[in-house]
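Read the structure below first, then the notes.
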Amino acid sequence: MNVYKTYVTIEDPNNVVLSNLPFQPGQRVEVIICAKNNERAEISKKVRDLFDLTLAIPGVQEITEEEIAAEIEAYRRGE
């Protein structure tokens with residue numbers, strides 16, 4: 001089986017154009033279309049969701065920048 005893999009961006013969901021394929025005219029091929037996950041977008045959404053959950057914890061919004069900086073410094077010192 002001769003396998004050829006390529007990526008295209010859908011511009012019109014009613015029409016997908018594949019060009020410069022390494023097959024002969026009249027050759028029968030199987031076409032499988034799989035959506036490529038956008039890993040960066042998925043990670044970004046997970047981080048935003050985590051931030052939203054964190055901000056919803058009671059008392060979190062009252063933490064000051066100075067307290068955060070002090071916690072970071074204490075962590076870096078191994079405390």
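The values are calculated or read from the model by the stated rules, or taken from the named source; none is laboratory data. Source: prediction; values computed, not measured. Counting neighbours? That spans all protein chains shown, and the Cβs are built from the backbone with ideal geometry, glycine included.
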Quiz item: Going by the structure shown, is A41 modelled with pLDDT under 90 and part of a helix (DSSP H, G or I)?
Solution: yes
Quiz item: Taking K45, is it surrounded by 10 or more Cβ atoms within 10 Å (Cβ to Cβ) and of a type in the set (D, E, K, R)?
Solution: yes
Quiz item: List, please: which pairs have Cβ atoms under 7 Å, are six or more places apart or on different chains, and start with a residue in the stretch 1-21 that is more than 17 Å from C34 (Cβ to Cβ) and end with one that is of a type in the set (S, T, Y)?
Solution: L21/Y4
Quiz item: Which pairs have Cβ atoms under 9 Å, sit 6 or more apart or on different chains, and link a residue in the stretch 44-71 that is of a type in the set (F, W, Y) to one that is surrounded by 10 or more Cβ atoms within 10 Å (Cβ to Cβ)?
Solution: none
